[in-house]
1. For MET189, which sequence-distant residues (separation of 5 or more, or a different chain) have an amide H within less than 5 Å of its own amide H, given hydrogens modelled in the peptide plane?
2. Could you point to the residue in PHE135, ILE380, MET232 farthest towards the positive end of the chain's charge dipole, with +1 and -1 charges on the Cβ of Lys/Arg and Asp/Glu respectively?
3. Nothing charged except the Cβ atoms of Lys and Arg (+1) and of Asp and Glu (-1): what's the magnitude of the dipole of the range 215-325 about its Cα centre? Round to the nearest 20 debye.
4. Nearest 20 debye, what's the magnitude of the dipole of the chain about its Cα centre given +1 on Lys and Arg Cβ and -1 on Asp and Glu Cβ?
5. In nanometres, what is the gap between the two model label sites at ALA21 and GLN348, each 7 Å from Cα along Cα-to-Cβ?
6. Once amide H atoms are placed 1.01 Å from N in the peptide plane, what residues at a sequence separation of 5 or more from GLY317, or on another chain, have their amide H within under 5 Å of its amide H?
7. How many angstrom separate the Cα center of the range 168-183 from the Cα center of the range 342-401?
8. Taking only DSSP H segments of four or more residues, each worth -39500 (n - 2.57), what value at 222 nm results for the chain once the sum is divided by all its residues, to the nearest 500 deg cm²/dmol?
Amino acid sequence: MTAIDTAHLHGLMDSISAVAATPEGGVNRPALTQEDGQARDWLRRQFDALGMRTIIDPIGNMFGCLEFAGPDAPCVMTGSHLDSQPFGGRFDGAYGVVAGLAAASALRDSHRAGLIKPSANLVVSNWTNEEGARFQPSLIGSSVYEGSLSLEDAYAVKDGQGISVLSALEGIGYRGDGIAPRPRAYVEMHVECAPDLERSNKTIGPFARYWGATKIRAAVRGMQSHTGPTPMERRRDALLGAAYLIADLREMVDRASDVLHTSVGRIEAYPNSPNSVCSDVVMFVELRSRDQGVLEWAESEFRRRLEVSTGRAKTTGEILDIEYRHAGMFDKGLVELVEKVSSEQGLQTMRLDTVAAHDGIRMTKVCPSIVVAIKSIGGICHNATEYSAPHDVEAGAKVLLACLEILLFE
């Protein structure tokens, strides 16, 4: 019988967690940094140890291929990402890659023993820049893969220091030229990053629906002046205009017709001196909802507030660019498959929405796709204290293995 080697699973988790570990217990591996390169090197060694053929495509996505059924056979894919938020948690993303490796190891051993003869190959993926912490937008690797973002546009994206994706890829040696495999199904394991499974005392959470997001990069324009002698009534303080706008964004949540999440997670202030009135602020705004109509209303309302709120500080506002990600559904058949194999293992399930983005969302445009969650203790994510208990880590890997066994024989 094919089974997860739990000691191997936890060993893999501990091993990748040691790459760019932080004293607080998390990891610091933003995309295409040297630390991300070290994680990629680690993964390549795991692929080699399992006898997997490594493919690296031009945007740096990594694919480890177990060719059970020959090089021209169809494939089933699992995986996630190894890049992290700055000083983030060790489970987000990495767990999906580790669970995929543990499942691949179990399937390889059964295949070598003559116990199984899959009709498809297995691929474990590591997607480039899922997090969007260093380079925006997020999901760059899977977006190029599924075609919503051109390779040329992806290469041209720059971080806050002016370093391009192309330069960063070449700097860590992960600009490849391989042809990426195209699967007939994609299953991604992840930590929930929310408290619903823990609160309901359920173990496995197949995401049935994903929220949409509108991500806006906006600027507030004022005038630089001295913070001392410049009269208050003459100041055109861009940071004050941004503050009014941030407060109005939060107020929009209470007026929306359905649930709406808003945030400004990053601002860039110029000249960023304590003795100068701020001349310019660039804001990274997020609007998220399960309802596309709410997102459209929120964008319209933001555009209106951009003028009104900034005007209160005698400044002006402008939208620099917008990224749209529409709300949608994961594959119903895969949701039901996860529920079926979980029930067979005595595990309770709960259908969830994912508010956070995952590469599996992009994969819905390629093939039947699903993201499956295990509990995040306290619902904590993007934080060094992010944690999933060992028994939940094991349960998710076992469910993944059972799903892959079925999909590989279809």
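1. Amide H to amide H, under 5 Å and 5 or more residues apart or across chains, MET189 pairs with GLY79, VAL372.
2. MET232
3. Values: 17 positive and 17 negative charges, 57 e Å.
It comes to approximately 280 debye.
4. Working: 41 positive and 53 negative charges, 99 e Å.
My answer is approximately 480 debye.
5. Placing both labels 7 Å along Cα→Cβ, they lie 3.4 nm apart.
6. The answer is ARG221.
7. 27 Å
8. Numbers: 12 runs with 147 residues, N = 410.
Helix contribution divided over all residues of the chain: -11000 deg cm²/dmol.
Here, each number is a calculation from the coordinates, and none is a lab measurement. On a predicted model such as this, the values are computed, not experimentally measured, just so you know. Cβ: placed from backbone, ideal geometry, glycine included. Neighbour counts: every protein chain shown.
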